[in-house]
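Beneath this line is the structure, given in structure tokens, with notes to follow.
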Amino acid sequence: MRQSKNRSQDPNWQFCYDSLNKVSRSFAMVIMELGEELRNPICVFYLVLRGLDTVEDDTSVNAQERADLCKNFHKVLRHKGWHTDRYGAGAEKELLENFHIVIDCFNLVAEPYQEVISDITQLMGNGMAKFIESHECKTLAEYDEYCHYVAGLVGVGLTRMFTIIDAVDATFCAREYLSNSMGLFLQKTNIIRDYLEDIEEGRTFWPKEVWEAYGSKLEDFKEPNNIEYGLHCLNHLVTNALRHVPDCLEYLAGAKDRKVFNFVSIPQVMAIATLAECYNNPNVFRGKVKVRRGMTAKLVMRSTNMKNIYKIFYQYAVFIRDRIPTQDPNALQTRQVLDSIIAKC
Ligand code: PS7
Ligand code: MN
Ligand code: MN
Ligand code: MN
Ligand code: MN
Ligand code: MN
């Protein structure tokens, strides 16, 4: 293998960055903005977890086989030449068909990064396997547990990497709940927004403990007759996700490196914009709610310092607060969590 320094001339890294651009809607851009030291390790981290997630997601393969591969996925990283053509579709299938290239690149990143990637892959794979077997989030505690495995752990791993180059507050490694909240806020926003897409693919992440208070089947919220109950449930889950915001603001305030700050702040800002768009919005049950392209560009440009971040969160909190329906069963809780966010801005 030739040296890895010049990414554009090394066909293996070329494959990784091409693959990253194809599989991730949101992360390719922010990863490219990272500095030289973190860019390759975080690119590999992303592709390894995207590979693992493709195994978790492919319900056309039987549950036992998927769960076994999830549990063993960290071992694949030590298995030169490993690849599979059994999972996923499109760019994600192509990623797993060429996974031996990702493994070669994994072996080129510095040892401390390899250790983070391997540890987090093992913990995430075991967590995913647990939920493949049980198949749904019953309680709110299980919802938080699932989100910890698939996103909170990503935050924990990224924080360990940021600490290697001294880019975030040194206490963050010991205060894992802050990194966990960063991931849970992104993951819960994704789960709320993807209601319809996930149902159509035969999966459900909305926790039963919440939706059963508003309907007898989660799918029923799609029916125009049930829209009022659907919105109550949606608003309940938005309120639950907003509880992570104070931790996220504390984390962002402790990200000192300029490039790392942009990397961690842009997804958080996109999440609050997406949640604000979803709150009390019947279109969540009809299609994919998106932040407008022009707004996304504006938010990305502004996400460069804490003063702007506070301003953006303040504006979205007020925007949601002004739209709380008086008859919403969680109106009071929603107002309280928004007021606690506003107080931090
Ligand atoms: C290593 C950057 C910054 C402290 C693939 C970034 C899928 C929301 O499934 O693709 O298409 O609907 O839109 C990312 C914390 C994880 C959490 C989780 C690895 C932030 C495998 C992101 C991303 C921690 C499980 C992608 C969690 O959403 O979803 C790296 C700090 C992967 C982060 C998955 C979700 C990410 C997600 P889908 P998306
Ligand atoms: Mn996606
Ligand atoms: Mn998944
Ligand atoms: Mn997925
Ligand atoms: Mn083969
Ligand atoms: Mn999703």
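The values are calculated or read from the model by the stated rules, or taken from the named source; none is laboratory data. A quick note: this is a predicted structure, and the numbers were derived from the prediction, not measured. Every residue, glycine among them, receives a Cβ derived from its backbone with ideal geometry; neighbour counts consider all protein chains shown. These area figures cover heavy atoms from the full protein model, side chains too; ligands, DNA and RNA do not enter into them. Shrake-Rupley method; radii C 1.70, N 1.55, O 1.52, S 1.80 Å.
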### Query
Taking N as the number of residues in the stretch 211-345, what is its alpha-carbon radius of gyration divided by 2.2 N^0.38 Å?
1.12
### Message
Given R₀ = 22 Å, what would the calculated FRET efficiency be for Asp322 paired with Glu228, taking r from the Cβ atoms and rounding to 0.05?
### Response
0.65
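Let's test the formula: R0 of 35 Å, r as the Cβ-Cβ distance of Met295 and Asn62. What FRET efficiency results, to the nearest 0.05? Display every interim value, and only then the final one.
On the way: r = 42 Å, r/R0 = 1.21.
Efficiency, from the Cβ-Cβ distance: 0.25.
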#### Entry: Loop-located trypsin sites (Lys or Arg not before Pro) in the stretch 265-316 whose Cβ has at most 14 other Cβ within 10 Å (DSSP)
Arg286, Lys288, Lys290, Arg292
### Theoretical gain in end-to-end length, Trp82 to Ala331 [0.36 nm per residue, Cα-Cα removed]
84.4 nm
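Structure shown: which of Lys222/Lys311; Lys188/Lys222; Lys22/Lys290 lie over 24 Å apart, alpha-carbon to alpha-carbon?
Numbers: Lys222/Lys311 35 Å; Lys188/Lys222 19 Å; Lys22/Lys290 19 Å.
Table pairs above 24 Å Cα-Cα are Lys222/Lys311.
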#### Entry: Whole-Å distance, taken between Cα centres, linking the stretch 207-250 and the stretch 73-124
35
### Query
Stretched out fully, how many nm does the piece from Asp18 to Ile164 gain, at 0.36 nm a residue minus the Cα gap?
49.9 nm
### Task
Starting from the Cα of Asn98, step 7 Å toward the Cβ, then list every residue of the stretch 26-54 with an amide N under 12 Å from that point.
none
### Task
Kindly provide the trypsin sites (Lys or Arg not before Pro) of the stretch 1-84 that DSSP labels as loop, not H, G, I, E or B, and whose Cβ sees at most 16 other Cβ atoms within 10 Å.
Arg2, Lys5, Arg25, Arg78, Lys80
### Query
Once you put a point 7 Å from the Cα of Lys311 and another 7 Å from the Cα of Lys208, both along the Cβ direction, what distance in nm separates them?
4.7
## Note on the structure
Reported to the nearest 10 Å², Ser134 has, with a 1.4 Å probe, an accessible area equal to 60
### Summary
For the stretch 104-219, the Cα gyration tensor yields equivalent-ellipsoid semi-axes (√(5λ), largest first, whole Å) of 31, 16, 11
### Task
Could you list the residues of the stretch 99-124 with an amide nitrogen less than 15 Å from a label point located 7 Å from the Cα of Glu37 in the Cα-to-C-beta direction?
110-114
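Using only alpha carbons, build the gyration tensor for the stretch 81-161 and give me the equivalent ellipsoid semi-axes, biggest first, whole Å.
Largest first, the stretch 81-161 gives 25, 19, 9 Å.
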### Task
On a C-alpha basis, how far is the centre of the stretch 263-296 from the centre of the stretch 8-51 in Å? Whole number, if you could?
24
### Reach of Lys75 by Cα under 21 Å, taken over lysines that are not fewer than 8 positions away in the same chain
Lys93, Lys130
### Query
With each run of n ≥ 4 DSSP H residues scored as -39500 (n - 2.57), what mean residue ellipticity at 222 nm is computed for the chain after dividing by its residue count and rounding to the nearest 500 deg cm²/dmol?
-21000 deg cm²/dmol
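Scan the stretch 127-169 for GluC sites (Glu not before Pro) in coil per DSSP, keeping those whose Cβ has at most 15 other Cβ atoms within 10 Å, and list them by number. Please report the intermediate quantities before stating the final value.
Values: sites: Glu133, Glu136, Glu142, Glu145; in loops: Glu136.
Here the sparse-neighbourhood loop sites are Glu136.
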### Intensity falloff of the chain expressed as log10 I(q)/I(0), Debye formula with alpha-carbon point scatterers, at q = 0.13, 0.14, 0.15 Å⁻¹
-1.04, -1.20, -1.37
### Query
Karplus couplings for the stretch 296-310 from phi (6.51 cos²θ - 1.76 cosθ + 1.60, θ = phi - 60°), rounded to Hz, Gly and Pro as x?
4, 4, 5, 5, 4, 5, 7, 7, 9, 8, 5, 4, 5, 4, 4
### Query
Scaled to the compact-protein estimate 2.2 N^0.38 Å, what is the alpha-carbon radius of gyration of the stretch 280-345, rounded to two decimal places?
1.29
### Message
Give me a comma-separated list of calculated 3J(HN,Hα) values for the stretch 322-328, in order, Karplus coefficients 6.51, -1.76, 1.60 applied at θ = phi - 60°, integers in Hz, x for any Gly or Pro.
### Response
5, 10, 5, x, 4, 8, 5
